[in-house]
Each structure stands twice: as C-alpha cells, then as structure tokens.
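The values are calculated or read from the model by the stated rules, or taken from the named source; none is laboratory data. This one's a predicted model, so the numbers in the text were calculated from it and none came from an experiment. Quick reminder, even Gly has a Cβ in these numbers, built from the backbone with ideal geometry, and neighbours come from all protein chains shown.
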C-alpha cells in the first residue's frame, strides 16, 4: 500500500472532524502528509473535492459529502518568523497558536486571533475577524494550490475581500500565507489574557458549537437581534440557542445536522418577522441531506 493510499479512508464519519460533532460520512477522507502528496492526489482525482480544516464554522449535513474531503488537520502546521515583522503561517495552524507566536515574537496587533476559533486556512477563506480587526488586513502573500495540483504564489490584490467574504481569482485552496504586522503595536500576554477572559465571560467556549452562526447585519449585531427575538434557550431536538451568547448554537444532546439547520432557519424567520432584517449565515452549510 502506498503512502497516498494509507492516508485515505472511506466512509469516514465527519462528525469526528467538526466542532459541532455532527455530519454524515465522506466518500473518501484524505489527510495529506506533504505538499507533493497533496499535489499527486489532486492530479489523480477528477471528482468533487471539499476542503476541511479544524471543522469550526462548518455544518456538514447528515447525508455526508460525496467525492473527496481533504483535511489539513495533521499537516500544514508550521509557523516561522522570516523577517522582523513578517511571519509565514501554514493553514493548519490554529488562530490561537498564531496569537501566541505573535506574543513570543513581539508582533502585533495579533491578539485578536485568539478570539477566532479554528485554523488560519478557515480565517483566510472567510476573512475571519473580531475585536476590530480582520485576517486580510495583514496578508502580504498567499500560497495556494489549484484543482490540477499546481502551486501558485498570489498577492492580496488578486482577491476581492470584505466583511466575512473572500472572492477567489480561480478555484483554489490555501496552503500558507505570509503575514506582516506593524512593529509599532505589540501583542502582550496581558492582552491575550484579557481577550480570553472576555470571551469566557460572554461566549460558551466549553460547549460544542461552531463559533458565531450569523454575520452581523449592517448596523446591527446578530446576537442582539436573536436575543431581542426571545430566542435564547430555544431548542430543536438536541441543540439550542446559547443562553450566554445568542449567536451561538450548542449541541448538548447528540443533535443531528438537520436539528441545527432547522434551528438556523427558525432564527432567520423569527428575526425577519420581528425586525425585517435578513440574517446571513457565517457558518458554511455543506453536504447532502439524509434521505433515510
């Protein structure tokens, strides 16, 4: 058996790989151990490809995902300082790990990354942010791989990005990025502790969630609209709207993806009826419904 074959499993339950702990099986689940192996896999596979990082900010439906799922969880984990204020970060690095690295190397303002669940790959894909900063503010260049398995270096100007949105110049997946941080601001341990304590106080960090479910509509906060709609604690099956922060949905009783999707729809309908505001999901909903 080749290394490529050893890193592939069939009918892998994706509930094992998502922070909500839901999701049906992937036809093929591939965990590359090198760039060359990933490139080889893509060159030899002309089927449907889905990319999965740390499994936050994603809802995989109960029917699972057809084709191949590529996971970066075990590889693409390196981070290094390449110049005084520039670091190279692979997509498997968690956002919290980046914040810690910035602290140790006197980089800033990077403390906000400690407030983003998941990996740098996910942060790049959706322009994740919090505490007044967004990921693409700091991008100097990105390393990507295309559908044919070829690797490219691209500049930020080749992408179109805005609040929680990134448009790609062609079908691609991120492998790493170079990030530059201004030397005039330094991330400190005190900042990280302060942000951590703030999040612990306001968000259900020890529960099974995906992070924030909805984007903030212009001029509003999604959590505030949901709370004012009297939806805190509202339950569908094994999941409910967090009592601590209304923009979080908690899986506490072996919820199905269908339970969560129904709750998302109920929240959107209720907020629309009460306030005339359309809530757009920040979480990506992928995969197929279970037809059984």
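Among (1) in contact (Cβ under 8 Å) with a residue 60 or more places away in the chain; (2) over 19 Å from residue 151 (Cβ atoms); (3) touching a helix residue (DSSP H, G or I) at 6+ places or on another chain (Cβ under 9 Å), where does residue 70 come up short?
(2)
Of all the residues that make up the stretch 8-45, how many are closer than 20 Å to residue 174 by Cα, touching a strand residue (DSSP E or B) at 6+ places or on another chain (Cβ under 8 Å) and part of a loop (DSSP other than H, G, I, E, B)?
Summing the residues that are closer than 20 Å to residue 174 by Cα, touching a strand residue (DSSP E or B) at 6+ places or on another chain (Cβ under 8 Å) and part of a loop (DSSP other than H, G, I, E, B) in the stretch 8-45 gives 4.
Quick one: would you say residue 198 is surrounded by fewer than 20 Cβ atoms within 10 Å (Cβ to Cβ), out of contact with any helix residue (DSSP H, G or I) (no Cβ under 6 Å at 6 or more places or on another chain) and within 16 Å of residue 23 (Cβ to Cβ)?
Numbers: surrounded by fewer than 20 Cβ atoms within 10 Å (Cβ to Cβ): yes; out of contact with any helix residue (DSSP H, G or I) (no Cβ under 6 Å at 6 or more places or on another chain): yes; within 16 Å of residue 23 (Cβ to Cβ): no.
Taking the combined requirement at face value, the residue does not satisfy it.
Identify all residues within the stretch 108-137 that are under 19 Å from residue 194 (Cβ atoms) and touching a strand residue (DSSP E or B) at 6+ places or on another chain (Cβ under 7 Å); write none if there are none. Outline the logic, then answer.
If we filter the stretch 108-137 for residues that are under 19 Å from residue 194 (Cβ atoms), which is where we start, we get 108-117, 129-133.
Once the filter is applied, which keeps residues that are under 19 Å from residue 194 (Cβ atoms) and touching a strand residue (DSSP E or B) at 6+ places or on another chain (Cβ under 7 Å), the stretch 108-137 yields 109, 112, 115, 116.
Within the stretch 66-79, track down each residue that is in a strand (DSSP E or B) and buried (at least 18 other Cβ atoms within 10 Å of the Cβ). Walk me through how you get there before you give the answer.
Filtering the stretch 66-79 for residues in a strand (DSSP E or B) gives 66-71, 79.
Answer for the stretch 66-79, where residues must be in a strand (DSSP E or B) and buried (at least 18 other Cβ atoms within 10 Å of the Cβ): 68, 69, 70, 71, 79.
Under 26 Å from residue 7 (Cβ atoms) and part of a strand (DSSP E or B): does that describe residue 82? Can you show your working first?
Numbers: under 26 Å from residue 7 (Cβ atoms): no; part of a strand (DSSP E or B): yes.
Judged against the criteria, residue 82 is not a match.
Quickly run through the stretch 224-255 and pick out the residues that are part of a helix (DSSP H, G or I) and touching a strand residue (DSSP E or B) at 6+ places or on another chain (Cβ under 8 Å). Outline the logic, then answer.
First pass over the stretch 224-255, keeping only residues part of a helix (DSSP H, G or I): 224-228.
The one that is part of a helix (DSSP H, G or I) and touching a strand residue (DSSP E or B) at 6+ places or on another chain (Cβ under 8 Å): 226.
Out of contact with any helix residue (DSSP H, G or I) (no Cβ under 6 Å at 6 or more places or on another chain), assigned to a loop (DSSP other than H, G, I, E, B) and surrounded by 15 or more Cβ atoms within 10 Å (Cβ to Cβ): which single residue out of 208, 258 fits that description?
None of the other options fit; the residue is 208.
Each row is one residue, and each column tells you yes or no for (1) free of Cβ contacts under 8 Å to residues at least 60 places away in the same chain; (2) outside the structural domain of residue 46 (by TED's automatic domain parsing); (3) on the phi > 0 side of the Ramachandran plot; (4) surrounded by fewer than 18 Cβ atoms within 10 Å (Cβ to Cβ).
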| position | (1), (2), (3), (4) |
| --- | --- |
| 93 | yes, yes, no, no |
| 96 | yes, yes, no, yes |
| 105 | yes, yes, no, no |
| 115 | no, yes, no, no |
| 118 | no, yes, yes, no |
| 122 | no, yes, no, no |
| 131 | no, yes, yes, yes |
| 140 | yes, yes, no, yes |
| 148 | no, yes, no, yes |
